[in-house]
Amino acid sequence: MTGLTVLPLLLWLCAAYFVGIYLFVGGFLLVRLEVNRTSGCADVLQPGEEPLDFCQARPRFRRTVVLIIDALKIDFARFDPTNASPRPHENKLPVLQETLSARPAHSRLYAFRADPPTTTMQRIKGFTTGSLPTFVDVGNNFASSAILEDNLIHQLGRMGKRVVFMGDDTWENLFPRKFHRSLPFPSFNVKDLHTVDNGILQHLYTTMVGDDWDVLLAHFLGVDHCGHRFGPDHPAMAYKLTQMDGVIRSVMERLQDDTLLVVMGDHGMTDTGDHGGESQKETDAALFLYSPSPIFAGPPSQDEPDVVPQTDLVPTLALLLGIPIPFSSVGQVLLPLFPPHQQAGGAAGRLSQLEALWINTKQVNRFLETYSGLARDISPERLAELKADFARLAASYLGSVGEGRPPPPQLASSLQAYLTSVRDTCRATWARFNPLKMAGGLAVLALACLTCFVTSELSVVLTQEKRAGLKAPAAVALAAAAGVAAAQLLTRGYVEAAWCLAAGTVGSQLLFLWRAWRASRLSRWLSPRRLLVPSVAVPLLRCASLFSDSYVIYEGRVVTFLLLSLALYVPVHLNWNGHLLPPTPDPLKSAGLLPSPALSPAAVRKESGTLCGCLGLLVVCAYLSLCFHGCREEQGLCQPSPFLSPLSRLQDNQLKNLYYGVSVSSLAVCAYLLRLCLCHYGNLNASGGAVFAARWVLPLLCVCAGLHWAVSAAPEDGFRKLAELIRVAQLALPRAAFCLLGAGLSLVWADPLTVFVKARPAASARSSALPPPRYRASTGISPQAELHHLIPQIYQRMRRSLEDGEAGGGGGEEDHRPAVEAYGLGTVYSAPLLLFCGLLGVGLLLLHPEGMTLSFLLLLLEMVALLHIHASSATLSGAAGSDPGGFSVPWTPVVAWALAATQFFHATGHLPTFPSIQWGAAFVGFPDGHAGTILPASLVTLNTFASHILFAVCFREQDNVRRPRDYSSRILQKRTGKRTNTKLMFEACGFLVSSVFLLVGVTLVLRVDVAVGRWFKTLVPDASR
């Protein structure tokens, strides 16, 4: 079967999985409807006979300075005078505590709680619009688009307020052409701690003393970048926080009485300096408010909140600055900033707490009515309750104001309760799943798994030229999709693409399964005996365990346990069937009545020893890989592996040198083992492109990696005279490595053959019956069985062709050597694939911390162990008398390979959480940042799913293919097996990456197959075949 038959079938199977994931994700990650309405001054009119225009009244504050210190968690802002030996991030902002103690009526410090995801773009959107994000919004952090909802920046511009911004250039993307003056600085380079902060400081103080601004926004990034690069417990963090302390002091000295200072963090950070999740360390930032004039009644009271949601900043700032509250805000005004109703005294611009709450309540109710009329996703019962509550509160408030009597004492708390209820309702609505889409997605995925299983088991029957056509399934898919689209137009008036794709996918799968049922006895393959074997039960058990929170938290260890259990099942199963040890002869039976074993007892013992030795290697590698795991916040006292930290974070030079030596040694061992394997099988004797890549490109790539680690680990202040050279090296070395990687992969793809043919100059005439060759195409297989395989057939034809063309005469062969020697023919398929994976592995290693080199070495050894376990198991099972003409998918190594990919996802320091994403990979070779987002996102993706990529590309079968036409079938069976074991959501990206690189591996093997065919035609003339 040709590759043109295999690849469309694989693409169709991948598409079926992608449609199922797309439908499921559409029900799981809902996107909130954005209401593009804008609040106006008429919406804020005060109740009474002659209402005043709120926008024309004098605001409480004429100016506002907002200092956003990215990742300023609340722990950084608190001061503990009893802490005699503070850590680098502790007690570094004493100005806050000094101000709180000396001027309690002028300042407050609150915990400023963010809604997840705790990424910068979503947080800016949250505290400017007052709306709540959805989980899917986290993907926009790479590519920030303009905010279309009503927001503070838009309202300030409408009211003629001059907004001056400086700092993180994300604001320019979110609010294009909205600022009176803007000084953006590149923000994506997390290794740059000073460019943005120093750029702000060059303009901040001169801008403050001027008179061309009303609102000054300054977004500092040094603290956040320091956390990403070094973590919070590093001297660099102490330096950045001390710098921010000085900035706050200097700004406070320049404030006027009518100016409000807001110092805030957009999110917190974990103990490793990351963020993006929903743990309290990530969500709790700091909020510090100060004004030279008193803004609070006195010291904090028991009624004041301990935690302020970030959405509450929006209505609070809006009313203090005299602008309408943005239309979509669901925040609640911070009452301590407003005087009680009886103390307002009619002061200009001073709204009372009750007046502020009423304006806030009217705005939220207006948004609720508009949104519910557009989206209709809030339950009618809950909507009716909220409307009734507002009507009751409005009657109470307007009645008291109209009659001039004091409002009820509980009215303020009732208004607060209403605002809280609306926010909770919106949060619950926007987090509600669509169970119909989720169920439909799971159904499509389940049917895709069944189709994949059937295709794998019956590939020899189903993928022949006459049966492999996908024209009929494609026609059915188009017809089903068109039918569903027409039905939606008639019933709903619009078309939802997800259901059309799902209908087409299900229709094509059902037709394919029906054809498979007719083509073979499918019930025999789907019997419980075949479906309940451990190799199939383990993936089903793992899929079921995904509903357990404990499994998700400890997934890395559970997958390791499942992998080792499945590996131990192999020798147990062989021993149970009597294949692990040589058969004991029965003295009561005649030797002539017993069938002769395919393997000698010595060969059986050798294969059994190899299997047990590789099993021991697998166990050792699996347990050592646990030393490289990261930690989730839910794991409590868990300590992340020290190998996850880059060498630049280490302060002890001796320890840094030790880690560097271990990393370089591990890389050298990986390269040595790869070259040793190729040399052992004779693949480095040729002179093609793949051999050149193995001899020169691979060593140079390793040298570039080692030098890059050395340069990256150099302290910034350690080599001042060589600073420019180090900067150039940080740019040039990884880029040179990437170029070498591209050249090496291209050479392997263009010229994948690693076979060297050596013919003797003279030979004698031979009889027509050729003796078995000395060359062995595989190990553990008898010469008689070997003659039925593809590679020995090629070798025999080579001998016959070359011998026929030689001059006759002479006696027998000298020294009994064959007339032609072919080096590397036995590994003609696996050698280029192994080299391709080796080059790719070094390239992916560049994107990881240096300490992960040892983990990659364990990954390589585990791959070797799994392949040898499979080879020995297949040899021992085949020697026991399996049918040479039949074929069944070896699901045990398929599932073990998939489990190993997930195991090393965790063993390379990754977790299915956003804080664990290693953002530093985006700057390997690009220390100054990127102009776009595609390249950095690609580098981070390659870093995150490196184990999936390597195990997908390296998944191969032994080279001893029985017949040439069976080769593509075996590829199909092996390649489709891994797809049945994939998680959803975070793992959906991993599945996509795995599928892409599975296809890369398939096309590479097919490329080798084509090259072998052309080489054979060139080597052996048509007349000789």
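What to note about this one:
- Surface listing: R518, R37, R542 arranged by accessible area from highest to lowest gives R518, R37, R542, probe 1.4 Å.
- Ligands, DNA and RNA excluded, the heavy atoms of I378 present near 10 Å² of accessible surface to a 1.4 Å solvent probe.
- You can think of it this way: the chain between S550 and R1014 has 161.6 nm of extra reach, that is 0.36 nm per residue less the Cα-Cα gap.
- 24 Å Cα-Cα threshold exceeded, pairs from K92/K281; K191/K656; K92/K178; K387/K437; K73/K125: K92/K178; K387/K437
- Total formal charge among the other residues, if their Cβ is under 12 angstrom from that of Y110, Lys/Arg +1 and Asp/Glu -1: -1
- In the context of the full protein assembly, Y823 retains an accessible surface of approximately 80 Å², using a probe radius of 1.4 Å and ignoring ligands and nucleic acids.
- Annotation: peptides 442-448, 332-338, 190-196, ranked by per-residue average of other Cβ atoms within 10 Å with the highest first, follow the order 332-338, 190-196, 442-448.
- Cα gyration tensor, the stretch 193-242 - rounded (a/c under 1.5), prolate or oblate: prolate
- Solvent-accessible area of S396, all protein chains in place: 40 Å² (probe radius 1.4 Å, heavy atoms, ligands and nucleic acids excluded).
- The stretch 564-576 - phi-based ³J(HN,Hα) in whole Hz, Karplus 6.51/-1.76/1.60, Gly and Pro as x: 5, 5, 5, 5, 5, 5, 5, x, 5, 5, 5, 5, 5
- Between N657 and W696, the FRET efficiency from the beta-carbon distance, with R0 = 35 Å, is close to 0.75.
- When the charge dipole of the stretch 606-660 is built from unit charges on Cβ atoms (+1 for Lys and Arg, -1 for Asp and Glu) and taken about the Cα centre, the candidate among Y660, G613, L644 whose Cα reaches farthest toward its positive end is Y660.
- Accessible area in the full protein assembly, largest first, 1.4 Å probe, for C631, C739, C612: C739, C612, C631
- Computed on protein heavy atoms with a 1.4 Å probe, the accessible areas place C226, C670 in the order C670, C226, largest first.
- When peptides 403-416, 357-370 are ranked by their average number of other Cβ atoms within 10 Å per residue, the highest-first order is 357-370, 403-416.
- Whole-percent carbon and sulfur share, accessible surface of the stretch 338-432, 1.4 Å: 54 percent
- Test item: Cα-centred dipole of the stretch 338-432, Lys/Arg +1 and Asp/Glu -1 on Cβ, debye: 140 debye
- Inverse of mean 1/r across different Cα pairs in the stretch 338-432, Kirkwood, Å: 14.4 Å
- Listed peptides 421-428, 121-128, 62-69 by packing density, highest first (mean Cβ within 10 Å): 121-128, 62-69, 421-428
- Subtracting the Cα-Cα distance of S746 and Q410 from their residue separation scaled by 0.36 nm leaves 113.4 nm.
- Estimated from the Cβ-Cβ distance and a Förster radius of 45 angstrom, the FRET efficiency linking D245 and L33 is about 0.55.
- Cα-projected label distance for A668 with N83, points at 7 Å along beta-carbon direction, nm: 4.3 nm
- Gain on full stretching of the segment that runs from V533 to T370 - 0.36 nm per residue minus C-alpha separation: 53.0 nm
The values are calculated or read from the model by the stated rules, or taken from the named source; none is laboratory data. These numbers were taken from a predicted model, which means no experiment stands behind them. With ideal geometry, Cβ positions are generated from the backbone for all residues, glycine too; neighbour counts draw on all protein chains shown. We work out accessible area using only protein heavy atoms, side chains counted, and drop any ligands, DNA or RNA first. Shrake-Rupley method; radii C 1.70, N 1.55, O 1.52, S 1.80 Å.
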